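Report on the following structure.
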Amino acid sequence: MPEIVGIKFAGNGKSYYFDPQGQQLQVGDGAIVETVRGVEYGTVSIANQQVPDSELKGALKPVIRKATPQDDMRAKENERLAEKALDICASKIAKHGLKMKLVGAEYTFDRNKVIFSFTADGRVDFRELVKDVASVMHTRIELRQIYERDDIRMRGAMGMCGRPCCCIQFLDDYEKVTVKMAKNQNLSLNPTKVSGMCGKLMCCLKYENEYYAETMKLMPKHGAIVRTADGEGRVDEVDMLRRRVRVAIEGDDGVTKNYYGLGEFEVIGKQPPRREKEESNDEERED
């Protein structure tokens, strides 16, 4: 099995595999690596370890060397220069009247190129902008359009749970999240309740979805007729977490409501048909 180290770059929570070239690196070490964008400075997130070939998507780029104190200083200087570059580019965007939001700027470690990231509603013709910025900065310029999720990951944000967004903390890749996952968990489908700071469905909807999806197969739907030790009644509440239902049973003294766990009831009545509107809401939409 090939040996790898994981490297993270500024503004990105994803770890990328690199060939350590026989060097021993520890988590937190700085490293100079070769990437498709050029030579870059990153931080070790995964120490030397072996991984199956199936985890690799292609040939590994090499770790050039463990970062020296001089490399660390150069990386900090690059950050300072990137802030100046951001101001220059922002002023040029305003000058050209382009409808784009500048998110960040980043120099490659060797300063051969500066990469600007931006968001926009559609395609933007920035050819004149590139020429204008390059004439001031005297270096190669690259403009990269990103999505709102990438914007949040780069700049940082707090989720409604009060913690930094998952994409900033630990998520390497975005996974498919659908409206049906919210329905499975009986959450409000109000977009403000199930959407993250990026405007897309919250990534955390997927974390417990497998449990809810399996539990739904075992539980009756709201309104189903069930038989219990206390008689027959109608389900008026389904508790997915505790795997129990509340059943309303009509008797001579009125209606009594009791909870019954799995195995303590039997579904005997046809469950109510789902409304057409509900069926359309179940359409899986990927974010």
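Just so you know, in the stretch 165-191 the residues that are modelled with pLDDT under 85 and not in a loop (DSSP other than H, G, I, E, B) include one that is surrounded by the fewest Cβ atoms within 10 Å (Cβ to Cβ), and it is GLN169.
None of GLU3, GLU34 is more than 30 Å from MET137 (Cα to Cα) and touching a residue at least 12 places away in the same chain (Cβ under 8 Å) except GLU3.
Condition first: of a type in the set (S, T, N, Q) and in a helix (DSSP H, G or I). Can you find one or more residues in the stretch 101-114 that meet it?
No: the stretch 101-114 contains no residue that is of a type in the set (S, T, N, Q) and in a helix (DSSP H, G or I).
When residues in the stretch 12-33 are screened for being exposed (fewer than 15 other Cβ atoms within 10 Å of the Cβ) and part of a strand (DSSP E or B), 0 of them pass. The residue list ILE152, ILE64, ILE146, ILE115 contains one member that is in contact with a Cys (Cβ under 7 Å, 6 or more places away or on another chain), aliphatic (A, V, I, L, M) and under 29 Å from ILE4 (Cα atoms), which is ILE152.
What are the residues in the stretch 133-164 that are among the acidic types (Asp, Glu) and either under 30 Å from HIS222 (Cβ atoms) or in a strand (DSSP E or B) (or both), if any? Passing the criteria: only GLU142. Criterion applied to ASP29, ASP19, ASP71 was being of a type in the set (Asp, Glu) and over 23 Å from PHE170 (Cα atoms), and the one residue passing it is ASP71.
Given PHE109, PHE126, which one is at pLDDT 90 or above, in contact with a Gly (Cβ under 9 Å, 6 or more places away or on another chain) and not β-branched (Val, Ile, Thr)? Answer to the selection: PHE109. Within the stretch 51-60, does at least one residue satisfy the condition of being surrounded by 15 or more Cβ atoms within 10 Å (Cβ to Cβ) and either in the same structural domain as VAL27 (by TED's automatic domain parsing) or of a type outside the set (Lys, Arg) (or both)? Scanning the stretch 51-60, I find at least one residue that is surrounded by 15 or more Cβ atoms within 10 Å (Cβ to Cβ) and either in the same structural domain as VAL27 (by TED's automatic domain parsing) or of a type outside the set (Lys, Arg) (or both), so the answer is yes.
For (1) among the charged types (D, E, K, R); (2) farther than 30 Å from THR215 by Cβ, each residue gets a yes or a no:
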| site | (1), (2) |
| --- | --- |
| ASP87 | yes, yes |
| GLY104 | no, yes |
| PHE109 | no, yes |
| PHE116 | no, yes |
| GLY122 | no, yes |
| VAL130 | no, yes |
| ARG140 | yes, yes |
| GLY162 | no, no |
| LYS176 | yes, no |
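If you check ALA82 against the conditions, is it of a type in the set (Gly, Ala, Ser), touching a Gly at 6+ places or on another chain (Cβ under 8 Å) and either more than 20 Å from GLU106 (Cβ to Cβ) or in the same structural domain as ARG140 (by TED's automatic domain parsing) (or both)? Spelling it out, ALA82 is indeed of a type in the set (Gly, Ala, Ser), touching a Gly at 6+ places or on another chain (Cβ under 8 Å) and either more than 20 Å from GLU106 (Cβ to Cβ) or in the same structural domain as ARG140 (by TED's automatic domain parsing) (or both).
The values are calculated or read from the model by the stated rules, or taken from the named source; none is laboratory data. Since the model is a prediction, treat every value here as computed from it, not as a measurement. Glycine gets a Cβ as well: all are built from the backbone with ideal geometry, and neighbour counts include every protein chain shown.
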